[in-house]
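The values are calculated or read from the model by the stated rules, or taken from the named source; none is laboratory data. Since the structure is predicted, the reported quantities are computational estimates derived from the model, not experimental observations. Virtual Cβ from ideal backbone geometry, glycine too; neighbours counted across all protein chains shown. Note: accessible area is taken over every heavy atom of the protein model, side chains too, but ligands, DNA and RNA are not part of it. Shrake-Rupley method; radii C 1.70, N 1.55, O 1.52, S 1.80 Å.
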Amino acid sequence: MIGKKVLCIDSRSGKGSEYFTQWIEEGETYTIRRVEGSLEPGKQRFLLKEIKNSPIFVGELGIKAEPGFSSTRFVVLEDDLALSEKEVKEEVI
């Protein structure tokens, strides 16, 4: 997954968004630089090449970590083909 392009499909702020100094934008394409587990069982989070946030202390883990974005906020683009949000919606229809 590292190096794959992803399209943001959900940029709504949610729980923990106050810890981010930079945020994602719906319809924008990003590059995965790291995939990590989440505090939510069975979920993954992405760290993106285009966005870097300062590490925060995660009490549940007892360490500092960079906040990442839930993988559910993105669609992985095949063959690193960057599609616009309009093109993705047309594909769904």
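With 0.36 nm allotted per residue and the present C-alpha distance subtracted, the Gln22-Val58 stretch has 11.1 nm of extension available. Ligands, DNA and RNA aside, Ile9 has an accessible area near 80 Å² when probed at 1.4 Å. Multiplying the residue separation of Thr31 and Ser13 by 0.36 nm and removing their Cα-Cα distance gives an extension gain of 4.5 nm. If you take all other residues with their beta carbon under 13 Å from the beta carbon of Trp23, and give Lys and Arg +1 and Asp and Glu -1, the sum is -3.
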